[in-house]
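Let me begin by presenting the structure, written as structure tokens, before commenting on it.
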């Protein structure tokens, strides 16, 4: 943990997941101000749009923050990397594509590179390419998901066993116990997304936040299996309609039209759950309040420490028998 914190110059080994086109300066800066690593997810936004968020974030915090570039999602990968270099962004996370062509340029400009992976094979390739940190994301995570469907509990220890880089756990983590579990699996920190939606600083519609607070443990669904484009959403009128359309048969083009970033913005920012969708990880059932990011992080760290101390004491007693 200490190594990751020192490398990224953060207080807590907690990274904000990339949120694509609903990314914003308010939440990114709040995460960094609270001691974690805030992240601007570029999604399909134009370089001009991302540049405005970078400038706004820099006004709100002087702490480190990262840029997430989804390589095969964004049509502007090269231009976004140019923005990173122009504004001296110290950290970039690369996902949804081959990071190999971009790592040398980023390193030459003093940028630390985090690579999102979903299998041991991907992790080893990223390590060989020169990645500084890996984020291993399990199938419990929100939004676009890996077709490999490996859970966090199985994925993290296998990747940790097969690489030497620090591994950050993502997917199904949103509280102190989840944080402690990730560390016990060998992770050096965590990446969270869904839990940050339900925070005071997150400028998302109250319909989104309250849907998470009210969610039970079975409130998420996976769509897109029939077309090979998996995404985890919260159950809403729109996502249920999408699921029904998929059962009846739909093309990749039709699926794409129903899962555009515009539809995501309609649900998450505008609160229109009849005509837009909202992403959610499986930890939705654990969310029961809307707190500040600072309070959330402090509670996660405290609860993780308490859980590990409790477990350590219980193990010591068992070993003495």
If each Cα of the range 220-279 is one equal point scatterer, what is log10 of I(q)/I(0) from the Debye formula at q = 0.30 Å⁻¹?
-1.38
Labelled set (i) 20.9; (ii) 19.8; (iii) 23.6; Kirkwood radius over Cα pairs in Å computed from this model equals the value at (ii)
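Assuming 0.36 nm per residue, please report the length gained on full extension of the stretch residue 289 to residue 79 beyond their Cα-Cα distance.
Details: separation 210, 0.36 × 210 = 75.60 nm, distance 3.89 nm.
Once the chain is fully extended between residue 289 and residue 79, it gains 71.7 nm.
So what are the range 137-189's ellipsoid semi-axes, whole angstrom, largest first, if each one is the square root of 5 times an eigenvalue of the alpha-carbon gyration tensor?
Numbers: eigenvalues 54, 42, 13 Å².
They are 16, 15, 8 Å, listed from largest to smallest.
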Where does each of 274-283, 89-98 land if you order them by average Cβ count within 10 Å, highest first?
274-283, 89-98
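Divide the volume of the convex hull of the Cα atoms of the range 1-141 by its number of residues and quote the answer in cubic angstrom per residue. Mind dumping the intermediate values first?
Details: hull volume 14.7 nm³, N = 141.
For the range 1-141, the hull spanned by Cα atoms encloses 104 Å³ per residue.
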Whole-angstrom gap from the range 59-132 to the range 235-283, using each part's C-alpha centre:
28
Can you order the peptides 222-228, 267-273 by their average number of other Cβ atoms within 10 Å per residue, highest first?
267-273, 222-228
Gap in Å between the Cα centre of the range 133-171 and the Cα centre of the range 181-222?
17
Base-10 log of normalised Debye intensity for the range 64-205 (one unit scatterer per alpha-carbon) at q = 0.14, 0.20 Å⁻¹:
-0.66, -1.25
Arranged from highest to lowest average of other beta-carbon atoms within 10 Å per residue, in what order do the peptides 177-183, 12-18, 235-241 appear?
12-18, 177-183, 235-241
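With n ≥ 4 as the cut-off for DSSP H runs, can you work out [θ] at 222 nm for the chain, using -39500 (n - 2.57) per run divided by the number of residues, rounded to the nearest 500?
Values: 14 runs with 144 residues, N = 321.
-13500 deg cm²/dmol, from helical runs alone.
Just so you know, all these numbers are worked out from the coordinates, no wet-lab data involved. Quick caveat: nothing in here was measured; it's all calculated off a predicted structure. Every residue, glycine among them, receives a Cβ derived from its backbone with ideal geometry; neighbour counts consider all protein chains shown.
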